[in-house]
Amino acid sequence: MSGSLLSPLESLRDALGQVRMPLLVPGAEAARGLAGGFTNQLDDYILPRLRDADAPLLAVVGGSTGSGKSTLVNRLVGKPVTTPGVLRPTTRHPVLVHNPADTEWFASDHILPRLPRITGGTALGGTDDVFGLRLVAAGEIPAGLGLLDAPDLDSVSQTNREMAGMLMAAADLWFFVTTASRYADAVPWAALRAAVDRNAAVVIVLNRVPAEAMAEVTAHVRQMLAAERLANAPLFVIPESPLVDGMLPADRTAELQTWVNNLVADAAMRAAVARRTVDGAVGHIAADMPTITDAVAQQLNTAAGLRAAADESYAQAVADLEDAASDGSLMRGEVLARWQEFVGTGQLLKRLEEGVGRLRDRISAAVRGEPAPPEQVTEAIESGLASLLVDSANDAARRADRAWSQDPAGRALLGGADLARASADISDRSAALVRAWQDDLLEMIRTEGADKRQTARVMAYGLNGISLALMVAVFSATGGLSGAEIGIAGGTTVLAQKLLEAVFGEDGVRRMSKAAMEKLTVRVEGLMNEEKARFTSRLDALELDPDLPARLHAATVQVQQARDVEDAEALLPASPPGPDEVAAPRKNWRESMRNWWNG
Ligand SMILES: Nc1nc2c(ncn2[C@@H]2O[C@H](COP(=O)(O)OP(=O)(O)OP(=O)(O)O)[C@@H](O)[C@H]2O)c(=O)[nH]1
Ligand SMILES: [Mg+2]
């Protein structure tokens, strides 16, 4: 067996090991099962086999319960090594009989690493409920072959069925044992079909056939085998006979025994049988890899869709703020009233440049109410802005939650958590954000007004007055105001603008307004990102690897290419030789085997 398949298969194994598929997407569970099964098969059988082509063959004796598997194994070994029984199922854990020379191979975790070895005691007598593989070394069996007496495939016991599947996946060769009375049973045939699908080497043993039914039953079984693409599989028929001291008489299995002995004696043929089964298993895996790769890609698509829904919901929250700032809605109601009271006191107006005088007259005439310090306006803006942020965060949470709840994967990811409202402390955090932004503004004013002349003006208007004017300039617009409000708000905007221009000049004001809005936007984005993380952190925690589909695909392509090379190197046998060929003289054995396989 060439080593060229080994490295691509190791890459494929690594990539399969990364497959988790945590998102609830249709088909994910099936694909996950497939990936797990392939991983096990690579670990348990294919990779160890490729790493050591000369290792002993593992032949699994499987089939219907009570079909005489244990009795047959005892016959092939030549002495009782495993327990036949009347009660079904008798064989609860697999018994692996091998030559003492092969103990190291079978006892190590080269094969079936997931099955603990049961050592000590005896395979004979008593039932123990230990889950594991019983190893029996017997000098009677030739080196180079392990015969594994499997639990029945159609067992009432789930553990037995799982175990049987595991063993089948690890077998180089399997003896499918059925009886004249049981051969039509569906379950063992389903297992056999799985083996055929994997292109595994299969030998059929039709056991306990009464002499009078021999012709009819044999013909029928051959028909069934042909229908299962097993027309070429070797078929050994064992006539019914009484047992002698619990043992099947040797002459009943002479043909099968010769076949086994010839195979074991021929290292090249052993390797060919193993290679055929490995190739079948690898082909099966490669053919199904796109299902896994697609399912993994689907996980990434679903995660991206959920993330986009959260992104969109919270981008809208940031857009809400920008809208509110540009349509003037933050300058309405309470804020507008306070601002008018403030400018109406004359505190501000009397400091303004001459050119604004007419404007002042107009505003003074329109303004009613008590004089107000700038702090009151600032507070009104603060609470207006903070409650806008709370509302936006709540709206975004509702949108994201709805989008996620409509998707089964999103719903599962929410896991019953109610994220339809913003975080409990959103009000505090919004208020803190606004305060931090006001600090930004003060800092900006100090920096901008750092030269002496400007500092004097800033002092004259008061730092709070200037920063208030800056907020008003940022939030004033006429877009969303009613006719009556436009005149007033428009006027007040101009007033704030003029005040700022008197200190910082036109360019300075433009720059500062823009920078002030940018700073606010950045802070709001930060807040909304924190809120969004309640959703997206659930996706992050999945740690989906965006490169995995590409890695799986590349590994599959490499495996296919390596298989093509191997195919060209050697003609793979379609099936081991049948009993007629086995009866041929020893020197013709290999030739007959090749003819049979290649013909
Ligand atoms: N007369 C006769 N009895 C047989 C023959 N083969 C098996 N038996 C009996 O049939 C019963 C079942 O045989 P086992 O060898 O235990 O069958 P098994 O396939 O290992 O059964 P499980 O391990 O339960 O799946 C036992 O009582 C055997 O003694 C045979 O060729 N002739
Ligand atoms: Mg048994």
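What tally of residues in the range 91-113 results from selecting those that are closer than 22 Å to N74 by Cβ and of a type in the set (D, E, K, R)?
2
Among (1) away from ligand 1 (no atom under 16 Å from the Cβ); (2) open to solvent by less than 50 Å² (accessible area, probe 1.4 Å); (3) modelled with pLDDT under 90, there is one condition D185 misses while meeting the rest; what is its number?
(1)
Quick check on this structure: which one of V434, V377, V356 is of a type in the set (V, I, T), part of a helix (DSSP H, G or I) and either modelled with pLDDT of 85 or more or within 30 Å of V25 (Cβ to Cβ) (or both)?
Exactly one residue qualifies, and that residue is V434.
Give the residue that is modelled with the lowest pLDDT, with candidates limited to residues of the range 114-134 that are in a strand (DSSP E or B) and more than 16 Å from N74 (Cβ to Cβ).
I118
Any idea which of G68, G27, G36 is closer than 25 Å to A191 by Cα, modelled with pLDDT of 90 or more and within 13 Å of ligand 2 (Cβ to nearest atom)?
After applying the criteria, what remains is G68.
Given the condition open to solvent by less than 50 Å² (accessible area, probe 1.4 Å) and in contact with a Leu (Cβ under 8 Å, 6 or more places away or on another chain), answer yes or no: does some residue in the range 24-33 qualify?
Within the range 24-33, none of the residues are open to solvent by less than 50 Å² (accessible area, probe 1.4 Å) and in contact with a Leu (Cβ under 8 Å, 6 or more places away or on another chain).
Kindly indicate the residue of the range 234-257 that is out of contact with any Leu (no Cβ under 6 Å at 6 or more places or on another chain) and under 18 Å from A200 (Cα atoms) and also surrounded by the most Cβ atoms within 10 Å (Cβ to Cβ) among those meeting that condition.
Taking the candidates together, the pick is P234.
Could you please find all residues in the range 521-547 being over 14 Å from V390 (Cα atoms), among the hydrophobic types (A, V, I, L, M, F, W, C) and in a helix (DSSP H, G or I)?
V522, A533, F535, L539, listed by residue number.
I'd like the full set of residues that are among the β-branched types (V, I, T), within 16 Å of ligand 1 (Cβ to nearest atom) and at pLDDT 90 or above, limited to the range 39-65.
Correct list: V60, V61.
Inside the range 42-70, can you point out the residues that are open to solvent by 10 Å² or more (accessible area, probe 1.4 Å) and more than 26 Å from D266 (Cα to Cα)?
Of everything in the range 42-70, those that are open to solvent by 10 Å² or more (accessible area, probe 1.4 Å) and more than 26 Å from D266 (Cα to Cα) turn out to be D43, T65, G66, G68.
How about the range 188-225: which of its residues are of a type in the set (D, E, K, R) and part of a strand (DSSP E or B)?
Listed by number, the list holds a single entry, R208.
Looking at (1) at pLDDT 95 or above; (2) open to solvent by less than 30 Å² (accessible area, probe 1.4 Å), can you tell me which one L385 breaks?
Answer for L385: the failing condition is (1).
Quick check on the range 536-559. Is at least one of its residues at pLDDT 90 or above, surrounded by 15 or more Cβ atoms within 10 Å (Cβ to Cβ) and closer than 30 Å to P234 by Cβ?
Scanning the range 536-559, I find at least one residue that is at pLDDT 90 or above, surrounded by 15 or more Cβ atoms within 10 Å (Cβ to Cβ) and closer than 30 Å to P234 by Cβ, so the answer is yes.
Looking for whichever is among the hydroxyl-bearing types (S, T, Y) and either modelled with pLDDT of 95 or more or not in a helix (DSSP H, G or I) (or both) here; the options are T253, T277, T302. Which one fits?
After applying the criteria, what remains is T302.
Yes/no per residue for (1) in contact with a Gly (Cβ under 6 Å, 6 or more places away or on another chain); (2) away from ligand 2 (no atom under 16 Å from the Cβ); (3) farther than 30 Å from D564 by Cα; (4) in contact (Cβ under 8 Å) with a residue 12 or more places away in the chain:
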position: A231; (1), (2), (3), (4): no, yes, no, no
position: P239; (1), (2), (3), (4): no, yes, yes, yes
position: P242; (1), (2), (3), (4): no, yes, yes, no
position: G246; (1), (2), (3), (4): no, no, yes, yes
position: R275; (1), (2), (3), (4): no, yes, no, yes
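Residue under question is G283, and the condition is that it be at pLDDT below 95, within 16 Å of ligand 2 (Cβ to nearest atom) and either farther than 18 Å from L58 by Cβ or buried (at least 19 other Cβ atoms within 10 Å of the Cβ) (or both); does it hold?
No; evaluated as a whole, the condition is false for this residue.
Which one is modelled with the highest pLDDT, of the residues in the range 71-104 that are in contact with a Ser or Thr (Cβ under 7 Å, 6 or more places away or on another chain) and farther than 15 Å from L147 by Cβ?
Looking at residues that are in contact with a Ser or Thr (Cβ under 7 Å, 6 or more places away or on another chain) and farther than 15 Å from L147 by Cβ, I get R92.
The values are calculated or read from the model by the stated rules, or taken from the named source; none is laboratory data. On a predicted model such as this, the values are computed, not experimentally measured, just so you know. Here the Cβ is made from the backbone with ideal geometry for all residues, glycine too, and neighbour counts use every protein chain on show. SASA here: full protein model, heavy atoms, side chains in, ligands and nucleic acids out. Shrake-Rupley method; radii C 1.70, N 1.55, O 1.52, S 1.80 Å.
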